[in-house]
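Written below as C-alpha cells is the structure these notes are about.
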Amino acid sequence: MSAEYVRDVMTPGVVAVRPDASLVEAARLMRAQDIGDVVVADGQEIVGMLTDRDIAVRAVAEGLDPQAVSAGTVCTGDPLVVGPHDDVSAAVALMREHAVRRLPVVEDGLPVGMVSLGDLAEARDPRSALADISRAEPDGGPSDPSAPGGPATGAGL
C-alpha cells in the first residue's frame, strides 16, 4: 500500500508543553513518552518545536540552568507545519528543503499529529534502512520497566 496523504503516515496526537515550562519538565516528558521532541504551544496555538538536541546544544552546552530556562526560550519558533490532507511528497520536499526530521500536522489551526522522516521512509519503502531504524527500539532497549532488562539507565535530567 502506498500512502498518498500525510494523515496516512502521521502519528496521531501531539505531546506539548507550555512556553513557560522548564527544560527539565520538557525533558522528563520526552523521557516518559520515549520521544525526542515536543510541541511548544500557547493554548492551542503552536509557537515552536523543542528537541532533545535543542536542550543539549542551546541550553546545557551554554551553561544555562535547565531548571530555570523555559521551553519557549530555547525552542525553534514558528515551526514549519503540514496538513493531514497534504501529499506525502509535499512533506518530503519540505523536510528536504529545510533539513528537518519531523513536522507537526495541523488541521484548522490545531495540532493533530506529527510526521517524521522515519514515518515517510516507512511509507515510501518499508524495506529501506531508514524504515528499519525508525522501527527499532531506542538505544538502551525497551523503556517499559516490566520488560526483560528494564529501562535504559543513566544520568537523567
(message) Cβ contacts < 7 Å: first residue within 17 Å of L50 (Cβ to Cβ) and in contact (Cβ under 8 Å) with a residue 40 or more places away in the chain, restricted to the stretch 94-114; second residue of a type in the set (K, R) and surrounded by 10 or more Cβ atoms within 10 Å (Cβ to Cβ), any location; separation 6+ or different chain. Result?
(response) M114/R102
(message) Take the residues in the stretch 15-38 that are touching a strand residue (DSSP E or B) at 6+ places or on another chain (Cβ under 8 Å) and under 16 Å from V100 (Cβ atoms); name whichever of them is surrounded by the most Cβ atoms within 10 Å (Cβ to Cβ).
(response) V38
(message) Which count do you get for residues in the stretch 39-54 that are touching a residue at least 40 places away in the same chain (Cβ under 8 Å) and either in a strand (DSSP E or B) or surrounded by 22 or more Cβ atoms within 10 Å (Cβ to Cβ) (or both)?
(response) 5
(request) Search the stretch 80-89 for residues being among the aliphatic types (A, V, I, L, M) and either buried (at least 16 other Cβ atoms within 10 Å of the Cβ) or free of Cβ contacts under 8 Å to residues at least 12 places away in the same chain (or both), and hand back the single one that is farthest from M49 (Cα to Cα). (result) V88
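Let's see how each residue does on (1) at pLDDT 95 or above; (2) farther than 21 Å from V112 by Cβ:
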| position | (1), (2) |
| --- | --- |
| V40 | yes, no |
| G43 | no, no |
| Q67 | yes, yes |
| G83 | yes, no |
(request) Among the candidates A93, A3, A99, single out the residue that is of a type in the set (G, A, S), on the phi > 0 side of the Ramachandran plot and at pLDDT below 95. (result) A99
(message) Based on this model, can you work out whether V60 counts as part of a helix (DSSP H, G or I) and of a type outside the set (S, T, Y)?
(response) yes
(message) Return the residues of the stretch 63-83 that are small (G, A, S) and assigned to a helix (DSSP H, G or I); say none if nothing qualifies.
(response) A71, G72
(request) Report, by residue number, each residue of the stretch 84-126 that is assigned to a helix (DSSP H, G or I) and of a type in the set (A, V, I, L, M). (result) V88, A90, A91, V92, A93, L94, M95, L117, L120, A121, A123
(request) Provide a single number: the residues in the stretch 73-113 that are touching a Pro at 6+ places or on another chain (Cβ under 8 Å) and among the charged types (D, E, K, R). (result) 1
(message) Pull out all pairs, ordered by first then second residue, where Cβ-Cβ is under 9 Å, the residues are six or more apart or on different chains, the first lies in the stretch 1-26 and is over 17 Å from L50 (Cα atoms), and the second is surrounded by fewer than 16 Cβ atoms within 10 Å (Cβ to Cβ) and of a type in the set (A, V, I, L, M).
(response) V6/A90; D8/M1
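The values are calculated or read from the model by the stated rules, or taken from the named source; none is laboratory data. From a predicted model like this one, the values you see are computed outputs, not experimental measurements. Neighbour counts are summed over all protein chains in view; Cβ atoms, including those assigned to glycine, are modelled from backbone coordinates with ideal geometry.
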